[in-house]
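Beneath this line is the structure, given in structure tokens, with notes to follow.
The values are calculated or read from the model by the stated rules, or taken from the named source; none is laboratory data. Everything numeric here is computed off the predicted structure, so don't read it as measured data. Don't worry about glycine lacking a Cβ; one is built from the backbone with ideal geometry, like all the others, and counts go over all protein chains shown.
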Amino acid sequence: MSTIDAVPRIEIPLIWEEVELVKGGHFNWHRGNLDSSHEMLIAGPKVYRWLMRTKNNDIESCYIGESVDFRERLNSYRRSFRKTNGTNKMLINAIKECEDSGGTVTLEFLGVGVDGFKLNGISVNKFALGRHEVRLMMESISIAIFLAQHPNLKLVNHLRKSALSRSEPELMKLALKIGRPALLLQLEHLIKRQALGEEPKPS
């Protein structure tokens, strides 16, 4: 058996489930308040992502996040949507640009189920998502995998401020938030783009 054959193959099940208001309909979260049944659907701890698609249904950008109570996070997004200079500005602008160009925006939750799985002995299931460190771990894994699978797509999380322009203390804080593997992957990706003349040089 060669060394390559001996390398274990690890698959982390990332199943994204679209949130719908009606069957076949997108989650128009900013168009108005939800009824009680849909409010319960989005309540509680979530790892989530917004997908911005073109009018041809091609993914053009994505935002991946986590929240201890997505219903409260959604209220924050709604407030930002009504304010031009509110918080979450990069995400709100990406959503508006997508819709203004005839595209669609979908919301998806990471589905881990009741049984879920174990990663290095850590249980990952719908109940474990109540733990902040588990949500951060799954958010970081989701970000890293998205960047690896879609190197040419925009990840809105990383458009707020290029990692290349951050100070060392800022990088340490970012590593704690998204995880060191995701940060290293972001830096590698930005350096490659800069070398190709696609990324502005840090000031």
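Among the residues making up the stretch 130-178, those that are among the acidic types (Asp, Glu) and either closer than 12 Å to Gly65 by Cα or modelled with pLDDT of 85 or more (or both) are Glu133, Glu139. When residues in the stretch 103-133 are screened for being of a type outside the set (Gly, Ala, Ser) and surrounded by fewer than 13 Cβ atoms within 10 Å (Cβ to Cβ), 7 of them pass.
The set of residues from the stretch 98-135 being in contact (Cβ under 8 Å) with a residue 60 or more places away in the chain and in a helix (DSSP H, G or I) comprises Leu129, Gly130, His132, Arg135.
Restricted to the stretch 62-102, and to residues there that are polar (S, T, N, Q) and more than 25 Å from Leu129 (Cα to Cα), the residue that is surrounded by the most Cβ atoms within 10 Å (Cβ to Cβ) is Ser80.
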